[in-house]
Structures are given as structure tokens and as C-alpha cells.
Amino acid sequence: MAMNNPENLFPEVLEFHPRIHRDGRGFFFEAWKQSSYRDAGVVDELVQLNISRSWHGVLRGMHYQYPNPQGKLVWVLEGEILDVVADIRKGSPGFGKWQSYNLDSDEGKQIYVPEGFAHGFQVLSQSATVAYMCTREYDPDGDAAIAWDDPDLNINWPLPPAVLADKDARAPRLSTIAGGSLPVFSGSTDGQAE
């Protein structure tokens, strides 16, 4: 189920390829089974499920939570997105680097984004419904974002954003965020912040 992708810049970010059972009725797959995901490396408890629906070109991100970070298991229920993760853990060898993943409802691939990473996505299909399970409940006081077009990150978004939330349009650059407002690299590859 879990796949170690040699092109994956971050060993903490896990890719999952659930086995999809297809027949004349459609398809079935296990989107979450705690024991299987734990065995594959997701040791955090997932406590909240979010679902968003967005239209073509909509960009959501780059979001993170601090001081109560959320890890996220992300997949697409309908449509296709470009999913992006950026390492924002102070002291991490990957700090300020990003990687993208194509996720779509046909393939069913999932990405586990550990705590300490910023996350965002852009819709490539006419619309997309995205599900993500989180390691902590949403804390509105800890809601934060980094500019989607931060030149220091230089994320290669495929489309100009069709719509941005106000918080995304006015989000600061990573270099302007005080170090005390970012997660800290723990020195291990388990993706946890200190």
C-alpha cells in the first residue's frame, strides 16, 4: 500500500496507493484502515476529516497550523489536483523546499503530509472534491499561511489562480515569518515537530 517513491524529496511525506477493486458497478477501496497505515508509517492518530470542493484553477494554500500543527492524509474523491507540500521546519535540511504530487480520483493515490509542512493544492479538472484527515482538530487561533507565490519557494503552479481566499492573497513570505512562529525540525525523519 505505501510506496517509497525514489523521486520523493521528503522521506517523511508518504505516498499510498490503495488497492482499488473495480467491477461493473464501479469501484471500492479502503481509504483508511488504522492498522494498515500504522504499519506503513503513519503513527499519528487521525482525529478530524475535512472535505472541500473547488472549481478549475482554484488554489488553496500554502497552509499550516502553529503552534498546534496538523498532519494530513490527503486524497481526491472527484477530479484532479496538483498537491504541494513545503518543508517549513526550522533547522530541517529540506527547509524552504517543496514537492508536488498529482492526485486524482481515478488512481486513488493518497499523500500523508506530516506535521511541520505547509500544504496547498490547485484544481486541474473542471472541479475537485478533496478529502483530508488531520492529526489534530482545527485550531482557528493557529491558522497560518505562506504566500502561494513566494519567490523564495518558487512553486511551479500549473495555472494562474482562478480564485484565492483573502488569507491566501495576503499571506506573508516564508522569510518574513518569525522563527518562533514556525515548527522546529526534531532531527528525525518521522515528520514530527518538537
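The Rg/Rh ratio of segment 2-172, with Rg taken over Cα atoms and Rh as the Kirkwood radius over Cα pairs, comes to 0.95.
Annotation: lysines with alpha-carbon distance below 23 angstrom to Lys90 (same-chain offsets under eight excluded): Lys72, Lys167. Placing a label point 7 Å from the Cα of Asn68 along the Cα-to-Cβ direction, the residues of segment 128-143 whose backbone N falls under 14 Å of that point are 134-143.
Averaging Cα coordinates gives a centre for segment 75-95 and one for segment 130-165; these two points are 9 Å apart. What residues from segment 13-54 fall in the zone where the backbone N is under 17 Å from a label point 7 Å along the Cα-to-C-beta line of Leu77? Of the residues in segment 13-54, 27-33, 47-54 have backbone N under 17 Å from the label point off Leu77. Loop-located chymotrypsin sites (Phe, Trp or Tyr not before Pro) in segment 16-78 (DSSP state other than H, G, I, E, B) with a sparse environment of at most 15 neighbouring Cβ atoms within 10 Å: Phe29.
Values in this text are rule-based calculations from the coordinates and carry no lab data. Please read these numbers as outputs of a predicted model, since none were measured by experiment. Cβ: placed from backbone, ideal geometry, glycine included. Neighbour counts: every protein chain shown.
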